[in-house]
Amino acid sequence: MGETSMAEVPPDVRERVTRLVCDLVAIPSHGCEEQAVIRYLADRFARQGIPCRIGELDGTPINVIAEIGAGPRVLVLNSHHDTVPPGDPALWATDPLTPVVKDGKVFGRGAEDAKGCLAAMIVAFETLAARRETLPVRVVLMAVGGEERGGLGTKIEAVRGLRADAAIVGESTGLVPLIAHKGVLRLEVEVTGKAAHASDPEAGINAIVAMAPIVSALDGLAAEIRRRAEAYTGRASLVISSIGGGVALNVIPARCVISIDRRVLPTETEADANREIVETVTRALPLGAGARVEVRRVRFVPPSITDAASPIVAAAEEAATAVLGKSVRAAGFTATCDMTYLVNDAKIPTIILGPDSIELAHQANECISIEQMALAVEVYLKTIEAWTRRV
């Protein structure tokens, strides 16, 4: 196949991505309510004769997996169809579940994270499907659910033996390929004291007071952690993100709990990050006060990184440079996404690549640029084309 035909963009690409992202936004898919969007995608592929299957988690549909092409080499396109809840509708200028096209953008919950990315991937995938007889590689589209609930959809496919030679995760990156992201370690620290009447404080052990030096010590640790950096993902971090304690105004609090969000660099390990937090907390607990402390692991999502010399990285850099008309080099992602399961569990060289900016994710008046989605279709097609020449 000539290189022009594989990367040729449909002349109506703007209209196609706009219609598709509007359809997706109009289907609520937050929480566990993903069935309707799964049916929409499965029906869409069936109408085009594109083979697909429904992936389930505990008997409930969560993913739509479609595949085209032939041969031993496999490239995965992965993005998610679930969203966070719309939030307070009073903060929105429009109905968050009614897509609105205005000023070259599509507004609505999930437009940017990540239904716009998914729409661009689907249009690129369907463009290749129309030429599938001469496609020299297999291309697998994974429209996954549960991403906002811990990457459930991608994780289950990796556990079930997903294998590929390269993957692209659709998240908003401004069409710059990102090859690394931070991990996240979430912990709870609970101080236990003894309840008593507030009129007799010596009879109790105040858990909030015992927590205070722990908070201060962790803040000091956070400043130290911020001095650590990695070339692609930037600085590590530690944040105390919530605190709770006490039951009434006239009761000495017997319990106080804080939550910790620790962003872990690809050069760090969970064990080391956990150890220094536990040591800091243990040292800071006031001696002789009678309070006890426990540090509990809530969740850990590992960081991930793909070798900058990997063919998929070079292919994406080449494609983005050609489409954007400027030199594009791989960078890193400061958040966490499904790349972790593709790299760490499935051992697939993976990049993150998609239209527009992640800054609008999870906010009121979320939107995505139609022009960026159209360009993303071209970048995806050119990346796949360039990748086939390198492997």
Give me the number: length gained by fully extending GLU371 to GLU202, i.e. 0.36 nm times residue separation minus the C-alpha to C-alpha distance, one decimal in nm. 54.2 nm
Can you give me the angle between helix 13-25 and the longest principal axis of the chain, using Cα atoms only, in degrees from 0 to 90, rounded to the nearest 10? 40 degrees
Cβ-Cβ FRET estimate between ALA36 and VAL84, R0 fixed at 22 Å, reported to 0.05: 0.85
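Just rank SER199, SER369, SER79, fewest to most, by other beta-carbon atoms within 10 angstrom.
SER199, SER369, SER79
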Whole-Hz couplings from phi, Karplus 6.51/-1.76/1.60, listed for the stretch 91-102; x for Gly and Pro: 7, 8, 6, 9, 5, x, 9, 10, x, 10, 9, 7
Between the stretch 148-227 and the stretch 82-103, the alpha-carbon center distance in angstrom: 28 Å
Counting alpha carbon pairs within less than 8 Å and at least 6 residues apart, what relative contact order, in whole percent, applies to the stretch 249-391? 25 percent
What is the local net charge at ASP338, summed over the other residues whose Cβ is closer than 11 Å to its Cβ (Lys, Arg +1; Asp, Glu -1)? -4
Once label points are set 7 Å from the Cα along Cα→Cβ at both LEU324 and ILE54, what is their separation, rounded to one decimal in nm? 3.9 nm
Quick one: net charge around GLY31, please, counting Lys, Arg +1 and Asp, Glu -1 for every other residue with C-beta under 10 Å from its C-beta. -3
7 Å from Cα along Cα→Cβ at both ASP307 and ALA130: what's the point-to-point distance in nm? 3.7 nm
Kindly give Rg over Rh for the chain, based on alpha-carbon atoms, with the Kirkwood expression for the hydrodynamic radius. 1.06
Going from the fewest other Cβ atoms within 10 Å to the most, one would list LYS115, LYS194 as LYS194, LYS115
Mind pulling the angle between the C-alpha long axis of helix 311-324 and the longest principal axis of the chain? Nearest 10 degrees, somewhere in 0 to 90. 70 degrees
³J(HN,Hα) computed for each position of the stretch 251-263 - Karplus, 6.51 cos²θ - 1.76 cosθ + 1.60, integer Hz, glycine/proline x: 10, 5, x, 8, 8, 9, 10, 10, 10, 10, 10, 10, 8
Grab the DSSP H runs of the chain that are 4 residues or longer, score each as -39,500 (n - 2.57), total them, divide by all residues and round the 222 nm result to the nearest 500 deg cm²/dmol. -10000 deg cm²/dmol
Karplus couplings for the stretch 276-290 from phi (6.51 cos²θ - 1.76 cosθ + 1.60, θ = phi - 60°), rounded to Hz, Gly and Pro as x? 5, 5, 4, 5, 5, 5, 4, 5, 7, 4, x, 7, x, 7, x
Excluding CYS367 itself, what net charge comes from residues whose Cβ is under 14 Å from its Cβ, given Lys and Arg +1 and Asp and Glu -1? -4
Any chance you could list the semi-axes, whole Å, largest first, of the equivalent ellipsoid that the Cα gyration tensor gives for the stretch 292-391, using √(5λ)? 30, 21, 10
In a solvent-free Debye calculation with one equal scatterer on each Cα, what is log10 I(q)/I(0) for the stretch 202-347 at q = 0.22 Å⁻¹, listed in the order of the q values? -1.36
Which angle between 0 and 90 degrees, to the nearest 10, do you get for helix 116-129 versus the longest principal axis of the chain when only C-alpha atoms count? 30 degrees
From the cross-link list LYS155/LYS194; LYS102/LYS182; LYS102/LYS326; LYS182/LYS382, which pairs have alpha carbons spaced over 32 Å apart? LYS155/LYS194; LYS102/LYS182
Which of HIS362, HIS181, HIS197, HIS30 comes first, and how do the rest follow, when ranked by fewest Cβ neighbours within 10 Å? HIS197, HIS362, HIS30, HIS181
Over the chain, what is the percentage of antiparallel beta bridges among all DSSP beta bridges, to the nearest 5? 75 percent
At 25 °C and 0.890 mPa s, grab the translational diffusion coefficient of the stretch 33-113 from Stokes-Einstein with a Kirkwood Rh over Cα pairs, rounded to a whole number in µm² per second. 161 µm²/s
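Read-outs: derived from the displayed coordinates by stated rules, not from any lab. Quick caveat: nothing in here was measured; it's all calculated off a predicted structure. When we count neighbours, we look across all protein chains shown, and the Cβ atoms used for this are built from the backbone with ideal geometry, even at glycine.
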